1. Only one of these is in contact with a Leu (Cβ under 6 Å, 6 or more places away or on another chain), over 24 Å from A:ASP208 (Cβ atoms) and crowded, with 20+ Cβ neighbours inside 10 Å: A:ALA103, A:ALA50, A:ALA91. Name it.
2. Considering each of B:ILE189, B:ILE203, B:ILE270 in turn, give the residue that is within 30 Å of B:TYR153 (Cβ to Cβ), of a type in the set (Val, Ile, Thr) and either within 14 Å of another protein chain (Cβ to nearest Cβ) or in contact with a Lys or Arg (Cβ under 9 Å, 6 or more places away or on another chain) (or both).
3. On the given criteria, is B:LEU264 at pLDDT below 90, surrounded by fewer than 18 Cβ atoms within 10 Å (Cβ to Cβ) and under 22 Å from the mean Cα position of the chain (by Cα)?
4. Do we find a residue being part of a helix (DSSP H, G or I), under 15 Å from B:THR510 (Cβ atoms) and not assigned by TED's automatic domain parsing to the domain that holds B:ALA526 anywhere in the stretch B:195-215?
5. With the requirement that a residue be in contact (Cβ under 8 Å) with a residue 60 or more places away in the chain and part of a strand (DSSP E or B), what does the stretch A:325-352 give you?
6. Looking at the structure I just gave you, is A:VAL160 more than 17 Å from A:PHE239 (Cα to Cα), crowded, with 19+ Cβ neighbours inside 10 Å, within 13 Å of chain B (Cβ to nearest Cβ) and aliphatic (A, V, I, L, M)?
7. Could you tell me which of the residues B:ILE244, B:ILE203, B:ILE210 is surrounded by fewer than 24 Cβ atoms within 10 Å (Cβ to Cβ) and within 23 Å of the chain's Cα centre (by Cα)?
8. In the stretch A:240-263, is there at least one residue being surrounded by fewer than 16 Cβ atoms within 10 Å (Cβ to Cβ), in contact with a Phe, Trp or Tyr (Cβ under 8 Å, 6 or more places away or on another chain) and not in a helix (DSSP H, G or I)?
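The values are calculated or read from the model by the stated rules, or taken from the named source; none is laboratory data. Bear in mind the structure is a predicted one, so any value in this text is a computation, not a measurement. Reconstructed Cβ throughout: ideal geometry from the backbone, glycine too, with neighbour counts over all protein chains shown.
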Amino acid sequence: MAYIELNQVTKRFGSVTAVDRMNLEIAQGECMAMLGPSGCGKTTTLRMVAGFEDLDDGEIRVGERIISSKAKKYYLPPEQRNFGMVFQAFAVWPHLSVYENVAFPLRIRNLPKAEIHARTEEALKHTNLFSVAQGSPDDLSGGGKQRVALARALAIRPDVMLLDEPLSSLDPHFREEMRFEIKDLQRRFGFSILYVTHDQSEAMALSDRILVMRGGVVQQIGTPLQVYSNPANRFVFEFIGLSCFIEAGLTPAGIRLGDASYPWPEGVVPSGEIIATGKGLLAARPTEIDFVSEGGIRGEVLRKVYLGETIDYRVRVGDAEVRIQKTRRTQGPSVGDNCGLRFIYPHWYPVQ
Amino acid sequence: MNTLTNARSKPSFGTPELLFMLSVGVLVIVVAVPMLLIFFNAFWVDGHFNIADVVKVLQRKETYQALLNSLILSGGVTVTGTLVGTFFAWLVTRTDLPFKKTMKLLFLVPFMLPAFIGALAWKMLLSPRAGYINRLFMDVFGFDNPIFDIYSYAGIILVETMYLFPFVFIQVSGALERMDPTLEESARISGADLFTITRKITIPLVLPSILSGALLIMLYSMAHFGTVAVLGVETGIYNIPVLIYEKIHQSAGSFDSIRTATVLATVLVITAALILWLQNRVLSKGKYQIIAGKSFRPTELKLRGLRIPMLIVCIVYIGLTIVLPTATIFLVGGLKTYGLPFDLENMTWANYNHILFEWDLTRDSIWNSITLGLASALITMFAGVIISYVIVKMKVRGKGILEFLGMLPFSVPGSVIALGVILAWSGKFGINLYNTVWIILVAYIARYMAFSLKANSAALEQVHDSLVEAARASGASMAQALRDVVVPLVRPGMVAAFFLIFLPALRELTVSVLLYGPTTRTIGVAIYTLNEDGETVYSAALAGIALIIIVLGEVLIKRLVTSKNGA
């Protein structure tokens, strides 16, 4: 059952549509990552859910409650939404101790003293901050500060946790550690997560489902595996993982590259609409292309670079350059060789 | 190899040492000697160290009263200025006030206007009997008493507040703008409403900026001469700088009055040092890292129904503090006789004509101020760049002394510097500059050296050593490297230093009022003395001219600086 529900949510800044008629459902306890290049509207979406931005159209619900609605001109103020939120720049208060930072939301709620203390300590323990509770957050590392922010968000026992690039300001080796800590906390407390990031591996590792956005428009929503293996369009294909594309002429029988004609690679036929345009984009992952000595799509090896575990090839096919990655154990052609390419899982997209 | 060991073994005395000695020499003569003479005169009587006499001087009614007044006035100005400055800073950065950007610029204008000219204008408007506003209420609306007496503690505090609140305004609006908005958003999402956030998060986080601005107001107000001198004279309200002025001017340089003045100066120096020490502590202890990382605008408080009333408050405030006094100055400057109503038939260009083209006193004063400003700005600019170079770039022992000496006048009130210069250059050491324009120049150089050092050091710190090393590696000599690499890179700092000195020097009163002679009045002194002599219309007309020169100067700099940055 949908717990958080975005319905036709739209946000405009002047003439720019930052978020365009977005629909999204997030289940209780689900982790949803919003992924996209900077300026794609993912942070704006998160801020609308948090209540920091009004809507230009649509509505947002949590459970049975409407929390933002353009039509009803109703916006529940952020301070009444009972969400936890963690920001990229930590946003821990330097004038308060670690303990007071975490206790702040509880004090605001005028809880009994004993309960404030118990819940603050609980949150501090879960985030391994108990030993530094009386210190200033300014003395902590980036990872430590982000733990304070997490503990503060946890203290109110939220149903929904909003994370705005929480790991981007951390050193790379801390990121992986924090990723697991967040996942661990979610398992323990069962809150839903809406997670904004531009780092695809972070999104893959953490989330149950991924939403890919571009220019305010949702491109695809699905599990990490679905999005990776079945990208909805060229943008998603390119944004997630390594990719290469070949623009090819299409005939009803197969493809044309320069002067050469080939049958459909692996028998995967593009949709009728694409064939009708006479041109199509063949998309493949560099690791999912094999070298074959006979047949295949012919090309010439331009470059061969050893990257340690893998070997990176550039092969010219017609006018296009194709990138291929093979493990170092695989026998491959040399620079200048004529070779054949087999596309193991080809995808077809229209040429824009 | 041979030359290397030679160079090392010799107690070398090369260019760096020469420059160092030269810089120390200049600063000692210009800054250290006058300051030391003040302490010497204050504590040394008939060849003995004598603290009992100092106490005696402090216990005199007038000294004691001056101290008390200084405390009351600067304390009052600090409180009101901080409140006003913080409120407007918050209004233009954190609310949806209309025309915020314009308002922000307008709130900085009072910084350009000399406070004593403002005081002059307010005297014309609100003096109990002759003030135009008071007369309007008494003559037209039939009030029995003036509605406000500007010759009072409250009046002085009010006028000083108008011109000093930007110290807090600049600091606080800067801090609020740079502050990471997520610090407040995280409090909101934690459940706090805007009022609670302001109280528990925003104010504590910008408190260091508020306090530091407040202490600047206090420092400035403590040392401020003009407003108190103009508005306090009728009712006998005087602060320390005014009493120093009276001691020096009215007692014709008797030993006792000089001593009293030096004791007062010592008190001022100690107070200023205390204030600056406090400010340093506030800044170093409370320096939170609150600078924003991401570019989202802070949540603006929607004023809703208060939007227009708040705009009106701002416009009225700006109208009262900038437009009304400025207009008054120009109008009174155009009156045939002070006190006449502002009818067209009472207006004349003759005053302006007279002070600009006919009267030597005023013409001299304009000339003096401009030449003094140019000369002191040029000298301090060049001396400043050399001394900063020694401080920032050279590895010479004892350069801490340079820094201390150069920055010292920054914390020393103008009247103290003037007094020190009088003690040092009135013939005691064989050179008598008293009553000449040179004594003012020497005082200006001492006063403004710190400005130049700050601007030039900041510029020099940006020039990384490797830039010079790269030039040397490319075959340039040290002199060529300086000329072709360092100087072009610090030129903006030098230009900044020039204007940072030239403009304040143009409107200067506190120092020159203690040093002027019959033909060496500055614009400030001329305006002040004309007013004292009851030549109110001429005083106003000259003040009007001064305002035009100052505003033109400011505009010119903005032009110069922005076109430099653009290139």
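1. Working: A:ALA103 fails: in contact with a Leu (Cβ under 6 Å, 6 or more places away or on another chain); A:ALA50 fails: over 24 Å from A:ASP208 (Cβ atoms).
One residue alone meets the criteria, A:ALA91.
2. Working: B:ILE189 fails: within 30 Å of B:TYR153 (Cβ to Cβ); B:ILE270 fails: either within 14 Å of another protein chain (Cβ to nearest Cβ) or in contact with a Lys or Arg (Cβ under 9 Å, 6 or more places away or on another chain) (or both).
Matching residue, one of B:ILE189, B:ILE203, B:ILE270: B:ILE203.
3. On the way: at pLDDT below 90: yes; surrounded by fewer than 18 Cβ atoms within 10 Å (Cβ to Cβ): no; under 22 Å from the mean Cα position of the chain (by Cα): yes.
For B:LEU264, the condition - at pLDDT below 90, surrounded by fewer than 18 Cβ atoms within 10 Å (Cβ to Cβ) and under 22 Å from the mean Cα position of the chain (by Cα) - is not met.
4. Filtering the stretch B:195-215 for residues part of a helix (DSSP H, G or I) gives B:195-215.
Within this subset, residues satisfying the condition of being under 15 Å from B:THR510 (Cβ atoms) are none.
No, the stretch B:195-215 contains no residue that is part of a helix (DSSP H, G or I), under 15 Å from B:THR510 (Cβ atoms) and not assigned by TED's automatic domain parsing to the domain that holds B:ALA526.
5. So in the stretch A:325-352, the residues in contact (Cβ under 8 Å) with a residue 60 or more places away in the chain come out as A:325, A:342-352.
Listed by number, the residues that qualify are A:GLN325, A:ARG342, A:PHE343, A:HIS347, A:TRP348, A:TYR349.
6. On the way: more than 17 Å from A:PHE239 (Cα to Cα): yes; crowded, with 19+ Cβ neighbours inside 10 Å: yes; within 13 Å of chain B (Cβ to nearest Cβ): yes; aliphatic (A, V, I, L, M): yes.
The answer is yes for A:VAL160.
7. Values: B:ILE244 fails: surrounded by fewer than 24 Cβ atoms within 10 Å (Cβ to Cβ); B:ILE203 fails: within 23 Å of the chain's Cα centre (by Cα).
None of the others qualify; the one that does is B:ILE210.
8. We begin by selecting, within the stretch A:240-263, every residue surrounded by fewer than 16 Cβ atoms within 10 Å (Cβ to Cβ); these are A:242, A:247, A:249, A:251-254, A:258-263.
Next, from what is left, pick out any that are in contact with a Phe, Trp or Tyr (Cβ under 8 Å, 6 or more places away or on another chain): A:254.
Of the ones still in play, those that are also not in a helix (DSSP H, G or I) are A:254.
Yes - at least one qualifying residue is present in the stretch A:240-263.
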